[in-house]
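This report refers to the structure that appears directly beneath it.
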Amino acid sequence: MGWFQIDTERYYSLERSDVAIPAGEYDLEIVMSPKFKREMVEICGVRGRTKILIHGGNSVYDTDGCVCVGSGCREKIEVIWDCKEIVKLIFNMVKEGSLKSIKIIDAF
């Protein structure tokens, strides 16, 4: 579990520890997902990895290697919530060009 910031707001990210993205800044792009059959945000530039999507999910069991995002968390049991709203916020900001990258700041 980690966190990231958009403007002054702090949000949470959740991913499996065996495929966790290292701390750093990564470009974001809108791509068509063959699996989800819709446009989604992809995190680009992670060494040795491709097709890392940002999507909703409340626990590590909701992802196969992508990043789940949310606005609230319970750290001890690694659960996040309010995913749908944050996924939509990030998608809209990337689509309009006001968000071009994401900085993964820390891990708990």
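Near Ile80, within a Cβ-to-Cβ distance under 11 Å, what is the net charge of the other residues, with Lys and Arg +1 and Asp and Glu -1? Once all neighbours under 11 Å are counted, the net charge is -4.
Pairs spanning more than 19 Å between alpha-carbon atoms, out of Lys35/Lys100; Lys37/Lys100; Lys37/Lys103; Lys35/Lys76; Lys51/Lys103: Lys35/Lys100; Lys37/Lys100; Lys37/Lys103; Lys35/Lys76. Dipole size of the stretch 2-107 about its Cα centre, with +1 on Lys/Arg Cβ and -1 on Asp/Glu Cβ: approximately 260 debye, rounded to the nearest 20.
Between the listed residues Ile77, Ile6, Cys44, the Cα displaced farthest toward the positive end of the dipole of the chain, a dipole computed from Cβ unit charges relative to the Cα centre, is found at Cys44. Shown here: semi-axes √(5λ) of the Cα gyration tensor in Å, derived from the displayed model; of the candidates (1) 32, 16, 11; (2) 25, 19, 9; (3) 19, 15, 14, it corresponds to (3).
All of the numbers you see were taken from the coordinates with simple rules; none came from a lab. Computed from a prediction, not measured in an experiment: that's the story for all the values here. Every residue, glycine among them, receives a Cβ derived from its backbone with ideal geometry; neighbour counts consider all protein chains shown.
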